[in-house]
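No value in this document is a laboratory result; all are computed from the given coordinates. Every value quoted in this text rests on a predicted model; they were computed, and no experiment measured them. Backbone-built Cβ (ideal geometry, glycine too); neighbour counts: all protein chains shown.
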Amino acid sequence: MDNLGQTGAEDERDFVHNKLQALSNTHLSSMVELYSTLTARSNQPMPAEQLQKLKHYKDVLHRMIPYMRVPKERIPAEFNREKVIAFERQVTNIMETFQRRR
């Protein structure tokens, strides 16, 4: 690979890492708190449909949180600019959904 290709890949990795860091700074503590809340609520009696939705959000958070903690050198190559932008939208939507419910 030539230097231009390496620079492009590094720019992409820097963009993704910076975006993940910004999301982490903004939302990580709230996401961890929400995950704990959903875990506690999932042990309470509720209609099956509501429990299924709650578990879905809990699973999504469980998969998302590690990405916000990953060091720059361990960011998967397939986690590119487009994916991190979609990831950001999903984080924002989940957090807004649960803030409205409080």
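Numbers at a glance
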read-out: Net +/- balance of residues flanking Asn43 in space, Cβ distance below 13 Å, scoring K and R +1, D and E -1; value: +3
read-out: Helix 48-69 vs. the chain, principal-axis angle (Cα, 0 to 90°, nearest 10); value: 30
read-out: Acute angle (nearest 10 degrees) that the helix 3-41 long axis makes with the longest principal axis of the chain, alpha-carbon atoms; value: 10
read-out: Whichever lysines have a C-alpha closer than 25 Å to that of Lys53, once near sequence neighbours (fewer than 8 apart) are set aside; value: Lys83
read-out: Per-residue Cβ neighbour rank within 10 angstrom, fewest leading, Ser24, Ser36; value: Ser36, Ser24
read-out: Total formal charge among the other residues, if their Cβ is under 15 angstrom from that of Lys55, Lys/Arg +1 and Asp/Glu -1; value: +2
read-out: Net charge contributed by nearby residues that have their C-beta within less than 13 Å of Asp14 (K/R +1, D/E -1); value: 0
read-out: Size descriptor, Kirkwood hydrodynamic radius, that averages inverse alpha-carbon separations across the chain, Å; value: 15.1
read-out: Cβ-based exposure ranking for His17, His56, in which fewest neighbours within 10 Å come first; value: His56, His17
read-out: Structure-based [θ]222 nm, the chain - -39500 (n - 2.57) summed over DSSP H runs of at least 4, per residue, nearest 500; value: -29000 deg cm²/dmol
read-out: Under 17 Å from Lys19, Cα to Cα: aspartates and glutamates that are on another chain or at least 8 residues apart; value: Glu10, Asp11, Glu73, Glu78, Glu82, Glu88
read-out: Relative contact order, percent, the chain [alpha-carbon distance under 8 Å, six or more residues apart]; value: 45
